């Protein structure tokens, strides 16, 4: 990988800037012609890769011909409409008439569907536009996108207070505020870190996909059966079954379903369910649970069929539809007939319903199965009619023109029995004695003092089994999954999680009996619990668990328990010491308990184990039947089926066989070094293995070096005969690592009289690390020589490359030591860290040398100029020659610079006045030769006298505008009094190159030169005049800031290359991105065009097509009009020659396209 230069003086972080290049939809690949699965070339590292890949797989977005999706390009309103339409699979179209949308436009049908869907209506004169427009080619803004999503996904904010968090909330258009608040409320969008929303900012293609995907969630666009747990789910096609699916947010059944079938089986939706598709036999709902269903399918009724195990807290009918419940359903269900439903919209209700709230006039149909506990007809529901059979226990009417069973109902309370309405009278009883009330109240007692149960159930306890396989939840009372004393609790009613530790939750099941006050959660654990895990169980929502009175359990409570540690304990070592030869000391990796010594046995010696002490600690001491003698070798084994050794968590010790016992009886030998390594898995750990088990308290006495630099030991760990040193440096491949031990530490063996570890001379560590240390390469010289000129040090930079990471751009450069005011030697340090934490450093030596005083020498003197010389000004940043006339003030000289050898610079000072005494001084800033001020030593030079010719100086100035430098003389050349200047050369003083020549016209002072390099320039004037002689060079001026333009005008054809379905009466336009002219610099006119344009059938060899052509006043658009309509389904060839150029002489290249006209 090519390394990138890192400039040390660029210290500030760069900002990521997203380009806003407009996308022309005609350049897109048509989805019917090109597969999009391979369009991934520019999203592999993109922040929205997951969403973009998902949308490509589902053909929701299309790529470009170069296999890209251009995620950072802006997106137009029409393109955004297209994305929304694809997600919802909108079918309906509306008749549209916008001034900026034509029937042949690619987006005509898209906008027609957008209007039909109701999320856009365009802009009119009342919005400040000249006509009725929809602005399809305008880039869409954040507020516009938020408004469209809120409308299509029917999102409504509970309040707009969230907008107060933005300092620029006043810039959010009024129409968008509620919509933006709705998306913010559900975290589908957010503001910027500076607490602004930037409502008018354009969004990119990636941002558009991300915004829509946040709301859309999982999309099912092909038929089949699906299951899973998601936040939001969108279904836009028919013949889809959702099976045992848990949706924690919203479910959208879109218009794309048409009149097809959808099955929801075992589905739980905790948010809203929005239904805009489906037919008369379509939405089948089994064993499912909903919070709120919103039905809104225009121009067609939808039938929702609920089985008796399914429940919806509320079904809101915003359009006509049929709600049918299976016989025997006794779960609560409330129906709202919204105000937008017209009288002609049919609402059919079959089965049992708790409450029906009629907010707008509607035609309600019931049948013999219909049982409605309470119906309220609001005052705005005038004209409502109820026909059919069934019963309505209480009908409260506040509207006019209401009929039931053909009978007009007045305002008040009625009852419907068998489809027949009767008016009832409500009587209030005030007696407290329990007798019947007056007025025909019958047997009711209005003074019943029985209190209403409003206490919410709670989880009072959770008991976790020691095996971590189940948790029993105890509730404060009997509970159900429904609010009418029915239903067992299931996994949909609980949120279960495990945090911390090493074990994770793989799944769980729920066992419960309806009305029981306990439930058992059976857990499936992945991994072995280390005891640091916490199990948390909460209700899934506030509509998950109910008591017998219908009070819901709050989802804010939870129960937690720590998992029991299940890691199997391990044997570490066993030894016998010289001090207690009848005691066997066994070390484990954690504290152990045991009841007896059963299961333990010794091999190789005739010795029994008779007792044990230390239960509850990491070290157990067993008493042997005799003393072990020096030199005896034996082993220790354990049979877990016979023994009782376990850790404090109850995890049994596994079998082990013939583990060697270290016999330290009579031991007087010191431990010695066996191996020392650093491994790939732990490149910051040095592992020292000794000849026997040892003891120590710290790492005193050890010294470790990496690449000859001593490192810091941050931790020391002992495991029997291994000492592990954690160091503050990550070791890399090929690093030289050493270790030594000076004997001053406290490392001892386990003998009765401990033997200390012997001194370890500096020893090379076996380095088994594969990762290489990054390589730093310095740019420029090392050492670098600069001069004590006080100018801030600018480092030449460095590059870094790693065998795994490649080019590493983040290089820390420390040049703080360099002092450019003081002579000396300094160090600049470069540091880089790779992704594995391996650090590399490199340094540069900077030598600051003393400066020397420049001297000035006079070489020659003529009538009007003096030549002087001085040493080569190495590293100088500024040189100035000053002159004083006859002891007057110093002024800058007009000079010509010319190098005359390796060591000297010669400067000719011109435009001097004959017979005048001059004093010259030099100012040099920066570099080896330096004087911060006017040189002390001056040189006197009296110019020679020429009495025959009068000389006069010519001053020069320059102005830069984009790619053109305009040189201006301070006198008029070729004035009427002296029209004899025959040539003017513009010369680059840095290269002595003549970049332009002119023959001045009368009174000319300005000379324009395009596309020259920035640098120093002067004018050389040739004058044959006799009155005033301007021959010679002007002063030198600096050209800076000029941006050269060598780019030819860009050409855009309409129709585009390879376009199809082009109208046969179309004009052809050729547009340039700047004005053009003929190659001879003359203005291009209509009469010039025929010779440079070609229009043929099929290709360049085809038949000519007659045409006329014109160019507009801006000289940027050529319009070709065929003399007759083009032929249908015909390929045409259009070309323009290389006859035009821009104002900077950049000529176009010959260019051609083809297009195909529309078929008949």
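The values are calculated or read from the model by the stated rules, or taken from the named source; none is laboratory data. Keep in mind that this is a model prediction, so the values were computed, not measured. In this analysis, Cβ positions are derived from the backbone assuming ideal geometry, glycine residues included, and neighbour counts consider all displayed protein chains.
Overview of results
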quantity	calculated
The listed residue being buried (at least 16 other Cβ atoms within 10 Å of the Cβ) and at pLDDT 95 or above, out of 1136, 1148	1136
Condition check for residue 684: surrounded by 14 or more Cβ atoms within 10 Å (Cβ to Cβ) and either free of Cβ contacts under 8 Å to residues at least 12 places away in the same chain or closer than 18 Å to residue 588 by Cβ (or both)	no
Among the candidates 749, 708, 742, 736, residue that is at positive phi and out of contact with any helix residue (DSSP H, G or I) (no Cβ under 9 Å at 6 or more places or on another chain)	708
Filtered residues of segment 44-53 (kept if part of a helix (DSSP H, G or I) and surrounded by 13 or more Cβ atoms within 10 Å (Cβ to Cβ))	49, 51, 52, 53
Residues of segment 971-1004 classified as at pLDDT 80 or above, buried (at least 17 other Cβ atoms within 10 Å of the Cβ) and assigned to a loop (DSSP other than H, G, I, E, B), total	2
Total residues in segment 211-251, condition closer than 18 Å to residue 294 by Cβ and in contact with a helix residue (DSSP H, G or I) (Cβ under 6 Å, 6 or more places away or on another chain)	4
Qualifying position, being at negative phi, surrounded by 14 or more Cβ atoms within 10 Å (Cβ to Cβ) and modelled with pLDDT of 80 or more, among 827, 831, 864, 845	831
Members of segment 372-408 found to be surrounded by fewer than 19 Cβ atoms within 10 Å (Cβ to Cβ) and within 54 Å of the chain's Cα centre (by Cα), listed by number	373, 374, 376, 378, 379, 380, 382
Candidate set from segment 505-536 (those that are crowded, with 22+ Cβ neighbours inside 10 Å and under 33 Å from the mean Cα position of the chain (by Cα)); member that is nearest to residue 270 (Cα to Cα)	535
Qualifying residue in segment 602-613 (condition: more than 25 Å from residue 472 (Cβ to Cβ), at pLDDT below 85, assigned by TED's automatic domain parsing to the domain that holds residue 635 and in a strand (DSSP E or B))	no
Residues located in segment 631-641, provided they are touching a strand residue (DSSP E or B) at 6+ places or on another chain (Cβ under 9 Å) and either surrounded by 13 or more Cβ atoms within 10 Å (Cβ to Cβ) or within 14 Å of residue 655 (Cα to Cα) (or both)	632, 634, 635, 636, 637, 638, 639, 640
Hey, residue 664 over 60 Å from the mean Cα position of the chain (by Cα) and touching a residue at least 60 places away in the same chain (Cβ under 8 Å) or not	yes
Search result, residues across segment 1019-1044 that are farther than 21 Å from residue 1001 by Cβ, crowded, with 16+ Cβ neighbours inside 10 Å and at pLDDT 80 or above	1036, 1037, 1039, 1042
Residue 758 more than 50 Å from the chain's Cα centre (by Cα), part of a strand (DSSP E or B), surrounded by fewer than 18 Cβ atoms within 10 Å (Cβ to Cβ) and in contact (Cβ under 8 Å) with a residue 24 or more places away in the chain	no
Filtered residue count, segment 504-523, keeping only those that are part of a strand (DSSP E or B) and without any contact (Cβ under 8 Å) to a residue 40 or more places away in the chain	8
Any hit, segment 1092-1101, residues being assigned to a loop (DSSP other than H, G, I, E, B) and either closer than 24 Å to residue 1045 by Cα or more than 49 Å from the chain's Cα centre (by Cα) (or both)	yes
From 150, 157, residue being in contact with a helix residue (DSSP H, G or I) (Cβ under 6 Å, 6 or more places away or on another chain), closer than 25 Å to residue 73 by Cβ and either exposed (fewer than 14 other Cβ atoms within 10 Å of the Cβ) or in the same structural domain as residue 75 (by TED's automatic domain parsing) (or both)	150
Hits in segment 54-76 - residues which are part of a loop (DSSP other than H, G, I, E, B) and closer than 12 Å to residue 43 by Cβ	61, 63, 67, 68, 69, 70, 71, 72
Exclusive hit being over 25 Å from residue 609 (Cβ atoms) and either in contact with a strand residue (DSSP E or B) (Cβ under 7 Å, 6 or more places away or on another chain) or not in a loop (DSSP other than H, G, I, E, B) (or both), set 739, 628	739
Restricting segment 762-785 to residues that are within 17 Å of residue 829 (Cα to Cα) and outside any loop (DSSP other than H, G, I, E, B), the residue that is modelled with the lowest pLDDT	785
Some residue of segment 579-590 being outside the structural domain of residue 720 (by TED's automatic domain parsing), more than 20 Å from residue 693 (Cβ to Cβ) and under 60 Å from the mean Cα position of the chain (by Cα)	no
Selection within segment 1069-1091 - over 47 Å from the mean Cα position of the chain (by Cα), outside any loop (DSSP other than H, G, I, E, B) and either surrounded by 15 or more Cβ atoms within 10 Å (Cβ to Cβ) or without any contact (Cβ under 8 Å) to a residue 12 or more places away in the chain (or both)	1087, 1088, 1089
